[in-house]
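The values are calculated or read from the model by the stated rules, or taken from the named source; none is laboratory data. The structure presented is a predicted model; accordingly, all values stated were derived computationally and were not measured. Cβ atoms come from the backbone with ideal geometry, glycine included; neighbour counts cover every protein chain shown.
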């Protein structure tokens, strides 16, 4: 299958999304913003041998590639609108394999309203995905990571400590619900300790954690430092009841910005640093 | 250098662009569109061993990574606004090397108005870049590849047949100038023959090429099929004078959509197919 044929197949399979003036097949995708919305942009890589092991089913690779940046859109309270996929794959991958990867990607894209409207194709010696999502949020209402104040409740969605194999459910509905409520929000993509450190540093607060809701069988170590949760970590004004499916795990405090204590003892802001 | 330190350096070095509500350092970049503009989105990969040879100076890699999607923005008449860079590099690359790559990227970003506002960092066994550009164009005025009509003049900017080593100058000014004038436009990233085939197919016309302006020393073969020109190929209504620095090379005709003749003989729509 050459590039022209694959692009034709993609154009037919992806369809056209709302407010997409031009999708797959022109030099760029064209998106017509709604009046009064801010746009959120995020790209996220998923690389064979780094983010996933060789031999993973292609549909899961495609789904995962998109789920990662969608989780960032969720963390800012955004609604996905457009997405692009840059894909490089070895020559040995069959046409069926490539199409399965795109089908996994497109299933999640359709379910979340992110119309696939472009990207780039190349060859490489490993499977390499970079998914880009453009989301939207009413002007000025995006959730940021720098708004937590001392006294705010610290909350997480779901349960932590999951392993890679789980499918990510980007917390898009929760993100939207938190608009106008949460004072700060971030997604836990590199582990609770490291992402909490980022939120607290950006907000100029310290943090105290008393409890961590864990999946069955997970250790507290994994819950604090595991890097594959993609849940939302957010702060609420003191006394506000956390939404259903979320848990209060501690609070923001005065203190050295970014310092974290777990049950009274200081913990390191380590986690999954893809660059270290 | 860990990821937090590199992100801090990038935030300081990149600065903040116009209408960027949040740049490097939050989950997503936030861009506030101007009323009445359409947004153009494009991602383009640049991979060691595929798009460039190992050992290339990092500043040139960074510049090239951004120049490729900027050329697509130019081809649609857009003005660059925001960009992201997803970068994966082997552990062996030094801090100085990484910073040089970003400096090359940022130099071109500043010169063209594309504010670096985010991206993703990872490790891989090869150098891998995926640059994303979000550009803008007054509503409905983007140049498309599907508007050429039989009788239109076929034109290109600059001279063709260059080799990889040349730096790309994205034709952003020309693209803007062509808004409201050109009936169709595409950038020549995969060779004149293949990209002309794409434009003609999308427009439902055939094309006749009489001449190809070449750089000194280039063969006509290279001018037709070489894949590294990044000039603009566009059509103008019959009789309209081509802008300065551009050349009329032939015309669009009635005939089988996508069929190309060069000096009377049919030529194959081959070129640089990154996927073949």
(request) Determine whether region A:39-49 contains at least one residue that is farther than 26 Å from residue A:145 by Cβ and within 12 Å of chain B (Cβ to nearest Cβ). (result) yes
(message) Need pairs with beta-carbon distance below 6 Å; first residue facing another protein chain (nearest Cβ under 8 Å) and within region B:122-141, second surrounded by fewer than 20 Cβ atoms within 10 Å (Cβ to Cβ) and assigned to a strand (DSSP E or B); sequence gap 6+ or separate chains.
(response) B:135/B:79
(message) Quick test of your reading of the structure: residue A:70 fulfils all but one of (1) more than 9 Å from chain B (Cβ to nearest Cβ); (2) part of a strand (DSSP E or B). Name the failing condition by number.
(response) (2)
(message) Conditions first: (1) in contact (Cβ under 8 Å) with a residue 12 or more places away in the chain; (2) more than 9 Å from chain A (Cβ to nearest Cβ); (3) in a loop (DSSP other than H, G, I, E, B). Residue B:55 passes all but one, so which condition is the exception?
(response) (1)
(request) Pull up region A:1-33, narrow it to residues that are over 26 Å from residue A:96 (Cβ atoms), facing chain B (nearest Cβ under 9 Å) and part of a loop (DSSP other than H, G, I, E, B), then point me to the one that is modelled with the lowest pLDDT. (result) A:27
(request) Kindly establish whether residue A:221 is in a loop (DSSP other than H, G, I, E, B) and more than 13 Å from chain B (Cβ to nearest Cβ). (result) no
(message) Let me confirm something: among B:56, B:41, B:46, which residue is out of contact with any helix residue (DSSP H, G or I) (no Cβ under 7 Å at 6 or more places or on another chain) and surrounded by 22 or more Cβ atoms within 10 Å (Cβ to Cβ)?
(response) B:41
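Okay, residues lined up against (1) closer than 30 Å to residue B:257 by Cβ; (2) modelled with pLDDT under 95; (3) more than 19 Å from the chain's Cα centre (by Cα):
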{"residue": "B:63", "(1), (2), (3)": "no, no, no"}
{"residue": "B:84", "(1), (2), (3)": "no, no, no"}
{"residue": "B:101", "(1), (2), (3)": "no, no, no"}
{"residue": "B:122", "(1), (2), (3)": "no, yes, yes"}
{"residue": "B:127", "(1), (2), (3)": "no, no, yes"}
{"residue": "B:173", "(1), (2), (3)": "no, no, no"}
